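Below is one structure, written out as structure tokens, with a few remarks after it.
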Amino acid sequence: MIERLRQILIKEFIHLFRDRHARFSLLVPPLLQMLIFGYAASYEVNRVSTAVLDYDHSQESREFLERFSVSSRFEVRDVLQRESQIPSLLDHRRVVLVLQIQPGFAELLRKGQTAPVQAVLDGTDSNTALIAVGYINQIANRFAQDYQLQMADRLKPSLATFAPNIELQERPWYNANLESRWFFVPGVIGTLVLVSVMTLTAFAVVREREIGTLEQLMVTPISPTELIVGKTLPFLIVGLANVVFVAILGSLWFQVPFRGNVFVLLLGTTLFLSSALGVGLLISTLCQTQQQAFAISFFYISPAIMLSGFGYPITSMPTALQYFTNLDPLRFYLVVLRGTFIKDIGLDVLWPQMIAMALLGAATLTLATLRFHKTLD
């Protein structure tokens, strides 16, 4: 059995290194996609295009708007003269945000009353709008605090030091600067490995059928289990090498720290690859042509990424979909990736994810083996 597996491994590696398309798919797309996703995927919003409309024309209103001009989160592009200009700017996407200050803004502040400011946002991109609202609240609250202290200093200088001032001190764990790249880069590793390895595996048996070598395998003493193992191990080794390559790139290029245990990451990667390869081989046994295998792989990969929690939290999904995500091995692997990279957590925390990936891998590989046995019949 060992000798037969060795021959299959040699055959698969020879074919892999001779296939220019396979070599290209394993090296170039992961590199380019890591660079593109690393720079493009982000929850941070910077330079929000902004227009201002100031009906008050007071020192206070100018100071308030100045805080948006100097902030890197906003970019003031237009100073409006009348309210009728707002719909045209938003409709043509010239700006995303319009800040409007009504007359009497400074007078209300001097009386110690609430001075409203209107923020008109383009809600087409709800994510950007919600994040921009958070930034607006931060700037407005800071302005209100500073203005209260200035008024206390002017009216009662001797009591200014005793003016009540409550300030929230933020202390995020694991990601002190709240860099969304630290969240996305480990997730990109999982998605890239899933796409590259599973796509190649999905062509494994189909390719044998198309080039006519499947009949030769049928007359050999190789059992379906041995053939499945022989088809899986080369791509498992390639997948592990791919993870190491992309993880090093993410750590060195994007400065995402790796704080965990390498062996925990490798164990999680091995279990994830076993399930991903099982799905790929199952697709390969179900299809007659490589075009069919590619179409079904795409049909599987897109929902798998969407339901994994890569870009959207699973807790915000409908309850039925939350249960359905338990069939997605990428969901559990992303927890392992982000936990080992950023949090330095080990098997004492990650064992549920490891068991889930092991069960999914065993199930998919078993189904692929049984399905291939039926094709031999």
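The values are calculated or read from the model by the stated rules, or taken from the named source; none is laboratory data. As the structure is a computational prediction, the values presented were derived from the model and not from experiment. Note that each Cβ is placed from the backbone with ideal geometry, even for glycine, and that neighbours are counted across all protein chains shown. Quick note on the areas: whole protein, heavy atoms, side chains included, nothing else; ligands and nucleic acids left out. Shrake-Rupley method; radii C 1.70, N 1.55, O 1.52, S 1.80 Å.
Being at pLDDT 90 or above, assigned to a helix (DSSP H, G or I) and more than 20 Å from Pro234 (Cβ to Cβ) holds for only one residue in Ala304, Ala320, and it is Ala304. Of everything in region 17-49 that is closer than 30 Å to Leu89 by Cα and touching a helix residue (DSSP H, G or I) at 6+ places or on another chain (Cβ under 6 Å), the residue that is most open to solvent (accessible area, probe 1.4 Å) is Tyr43.
In region 54-73, the residues that are touching a residue at least 12 places away in the same chain (Cβ under 8 Å) and open to solvent by 70 Å² or more (accessible area, probe 1.4 Å) form Cβ pairs under 8 Å with partners that are of a type outside the set (A, V, I, L, M, F, W, C) and not in a helix (DSSP H, G or I), at six or more places apart or across chains, as follows: Tyr55/Gln100; Tyr55/Gln102; Tyr55/Pro103; Ser72/Asn46; Ser72/Arg47; Arg73/Asn46; Arg73/Arg47.
Can you find even one residue in region 98-120 that is within 13 Å of Ser49 (Cβ to Cβ), open to solvent by less than 40 Å² (accessible area, probe 1.4 Å), outside any helix (DSSP H, G or I) and touching a residue at least 40 places away in the same chain (Cβ under 8 Å)? Yes, some residue in region 98-120 is within 13 Å of Ser49 (Cβ to Cβ), open to solvent by less than 40 Å² (accessible area, probe 1.4 Å), outside any helix (DSSP H, G or I) and touching a residue at least 40 places away in the same chain (Cβ under 8 Å).
Scanning region 121-164 for residues that are hydroxyl-bearing (Ser, Thr, Tyr), more than 18 Å from Ala106 (Cβ to Cβ) and part of a helix (DSSP H, G or I), we see that the one that is modelled with the lowest pLDDT is Thr161.
Does region 305-322 contain at least one residue that is open to solvent by less than 20 Å² (accessible area, probe 1.4 Å) and at positive phi?
yes
Once region 323-346 is narrowed to residues that are farther than 18 Å from Val256 by Cα and open to solvent by less than 80 Å² (accessible area, probe 1.4 Å), the residue that is farthest from the chain's Cα centre (by Cα) is Gly346.
Do we have Pro172 as at pLDDT 75 or above, surrounded by fewer than 18 Cβ atoms within 10 Å (Cβ to Cβ), assigned to a loop (DSSP other than H, G, I, E, B) and of a type outside the set (A, V, I, L, M) here? The answer is yes for Pro172.
For region 238-297, the candidate set comprises residues that are open to solvent by 50 Å² or more (accessible area, probe 1.4 Å) and among the small types (Gly, Ala, Ser); within that set, the residue that is nearest to the chain's Cα centre (by Cα) is Ala241. Only residues that are at pLDDT below 75 and either among the aliphatic types (A, V, I, L, M) or in contact with a Pro (Cβ under 7 Å, 6 or more places away or on another chain) (or both) were counted in region 200-259, giving 10. Of the listed requirements (1) within 20 Å of the chain's Cα centre (by Cα); (2) free of Cβ contacts under 8 Å to residues at least 24 places away in the same chain, Gly311 misses just one: (2).
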